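First comes the structure, then the notes that go with it.
The values are calculated or read from the model by the stated rules, or taken from the named source; none is laboratory data. Remember, predicted model here, so these are calculated numbers, not experimental data. No Cβ is skipped: glycine too gets one built from the backbone with ideal geometry, and neighbour counts run over all protein chains shown.
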């Protein structure tokens, strides 16, 4: 049983990549499919560079990453991936990037962990021709049931963390994301949904059946 006396137990507010190796997530092949070979990309919240490495191998991209965790940046540099430490929801982070400098700006399952997600969206739109954003859908039906029946923050959505030791500070649903895109004049080109009902969600009620949503976007 988890000890409530140790708030740092199973904590993902400050990721430590010192004991991790490269990994693959279900989003990676989808993101790769949407990206042109040889494209110039930036991965915002790149972690230990696993997606960067995957895309370099699959699509020969010219890539770089931004990551708040120094251990993640160190792992990238040790493995010859271009990365630097920066907060991806602060304007000064993007000061040296020109308009549409990148073909694609990617933020994979990180937007819900930011204090200022609107700054991320604004700058992704400015520095890239296309934007790829993925996030856990808080309106997934299992989360709704857990909140309704148990009256607690859904553990499935928090991936076994607790409400107090998770970095997921701005949970959002697909409807929330669509409203954000509309506000920032972002056009959705493609979408894909993951989870047990992912294929159903691709065509029917994604806000209910999608566990993780992935969107390819472009400025309107």
Qualifying positions in region 62-83 - surrounded by fewer than 17 Cβ atoms within 10 Å (Cβ to Cβ) and part of a loop (DSSP other than H, G, I, E, B):
79, 80, 82
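Out of 153, 157, which single residue is at pLDDT below 95, touching a helix residue (DSSP H, G or I) at 6+ places or on another chain (Cβ under 8 Å) and surrounded by 19 or more Cβ atoms within 10 Å (Cβ to Cβ)?
Values: 153 fails: surrounded by 19 or more Cβ atoms within 10 Å (Cβ to Cβ).
None of the others qualify; the one that does is 157.
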Which ones in region 204-220 are surrounded by fewer than 18 Cβ atoms within 10 Å (Cβ to Cβ) and more than 21 Å from residue 28 (Cα to Cα)?
204, 205, 208, 219, 220
From the residues in region 84-113 that are in a loop (DSSP other than H, G, I, E, B) and in contact (Cβ under 8 Å) with a residue 60 or more places away in the chain, which one is surrounded by the most Cβ atoms within 10 Å (Cβ to Cβ)?
110
Residue 139, sole failed condition from (1) touching a helix residue (DSSP H, G or I) at 6+ places or on another chain (Cβ under 6 Å); (2) within 19 Å of residue 72 (Cβ to Cβ)
(2)
From 48, 12, residue being under 15 Å from the mean Cα position of the chain (by Cα), surrounded by 13 or more Cβ atoms within 10 Å (Cβ to Cβ) and without any contact (Cβ under 8 Å) to a residue 40 or more places away in the chain:
48
Only one of 26, 39, 86, 105 is closer than 20 Å to residue 12 by Cβ and touching a helix residue (DSSP H, G or I) at 6+ places or on another chain (Cβ under 8 Å). Can you tell me which?
86
Need pairs with beta-carbon distance below 6 Å; first residue in contact (Cβ under 8 Å) with a residue 40 or more places away in the chain and within region 206-220, second assigned to a loop (DSSP other than H, G, I, E, B); sequence gap 6+ or separate chains.
207/139; 207/173; 209/197; 211/140; 211/195
Could you pull out the residue among 197, 177 that is in contact with a helix residue (DSSP H, G or I) (Cβ under 6 Å, 6 or more places away or on another chain) and crowded, with 19+ Cβ neighbours inside 10 Å?
197
